[in-house]
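Undergrad: After the structure tokens below, expect a handful of questions from me.
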Amino acid sequence: MSLTKKGRTGYDKVIRDRAIRQHKMTHQVERQDSNTQGIKTMLKITINGQVHEVDVPPDMPILWVVRDVLHMKGTKFGCGLGQCGSCTVLLDNKAIRSCVTPVSWAVGKNITTIEGLSREGDHPLQQAWKDLNVPQCGYCQPGQIMNAAGLLHANATPSAKEVREGMAGNICRCGTYQRIEKAILQAADKMNKGGK
């Protein structure tokens, strides 16, 4: 059965609503006023170097602001619980799970999505991913690459063990972990030698 555009939008809303409910059940989000839940607020956030004003509830996960409000589709929805890593973005160069991080936490900080890592797709990590044919289905790869970018920002010369430990929270259902590790080490080497 094929989904119409209207049907797909409805499906996306169901998935988003379920993720938000799961987030609220499993994570305590600090709120200054519990009566503001669900009330929209104009927030100014910076994504990929560009300032955006969004009228959303402050507890809306960054993932849904990026995908549904700003229509940047590179960041993926996986589990909705922050456990698979598909939704990973950088917040001030640190990898976070955008499906469980409220957008209000990003005010005054910089969010980097896969679209902002390199406009031309030539960041050393992206190039290493291509060189080593890392993706199989590709669904988790934006999150893998963004987690790797956060790892290399924190540790420019990781060992293979440190790469495995740093990437442990990102799930690849196709099992390309060895290629991911090799790609990160290749990108680190290139970056340390002055490569873009």
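Undergrad: Just wondering, is there one or more residues in region 165-182 that are of a type in the set (Lys, Arg), surrounded by fewer than 22 Cβ atoms within 10 Å (Cβ to Cβ) and assigned by TED's automatic domain parsing to the domain that holds THR46?
TA: no
Undergrad: Considering each residue of region 132-161, count those that are over 14 Å from SER86 (Cα atoms) and not in a helix (DSSP H, G or I), and give that number.
TA: Total meeting the criteria: 9.
Undergrad: May I pose another question? Is there a residue in region 76-99 that is farther than 17 Å from GLY169 by Cβ, assigned to a strand (DSSP E or B) and in contact (Cβ under 8 Å) with a residue 12 or more places away in the chain?
TA: no
Undergrad: Here's a follow-up. Return only the number of the condition from (1) out of contact with any Lys or Arg (no Cβ under 6 Å at 6 or more places or on another chain); (2) surrounded by 18 or more Cβ atoms within 10 Å (Cβ to Cβ) that PRO124 does not satisfy.
TA: (1)
Undergrad: Working carefully through the options GLN186, GLN144, find the one that is within 19 Å of THR112 (Cα to Cα), polar (S, T, N, Q) and either at pLDDT 95 or above or in contact with a helix residue (DSSP H, G or I) (Cβ under 7 Å, 6 or more places away or on another chain) (or both).
TA: Of the residues listed, the single one that is within 19 Å of THR112 (Cα to Cα), polar (S, T, N, Q) and either at pLDDT 95 or above or in contact with a helix residue (DSSP H, G or I) (Cβ under 7 Å, 6 or more places away or on another chain) (or both) is GLN144.
Undergrad: Determine whether VAL69 is farther than 30 Å from ASN192 by Cβ and either out of contact with any Leu (no Cβ under 9 Å at 6 or more places or on another chain) or not β-branched (Val, Ile, Thr) (or both).
TA: yes
Undergrad: I'd like the residue in region 117-131 that is charged (D, E, K, R) and either within 12 Å of GLY85 (Cα to Cα) or not in a loop (DSSP other than H, G, I, E, B) (or both) and, out of all such residues, is farthest from the chain's Cα centre (by Cα).
TA: Checked region 117-131; the qualifying residue farthest from the chain's Cα centre (by Cα) is ASP131.
Undergrad: Next question. Kindly indicate whether LYS190 is touching a Pro at 6+ places or on another chain (Cβ under 8 Å) and either assigned by TED's automatic domain parsing to the domain that holds ASN110 or of a type in the set (Lys, Arg) (or both).
TA: Spelling it out, LYS190 is indeed touching a Pro at 6+ places or on another chain (Cβ under 8 Å) and either assigned by TED's automatic domain parsing to the domain that holds ASN110 or of a type in the set (Lys, Arg) (or both).
The values are calculated or read from the model by the stated rules, or taken from the named source; none is laboratory data. If you're wondering where the values come from, they're calculated on a predicted model, not measured in any experiment. A quick note on method: Cβ atoms are made from the backbone with ideal geometry, for glycine too, and the neighbour counts reach across all protein chains shown.
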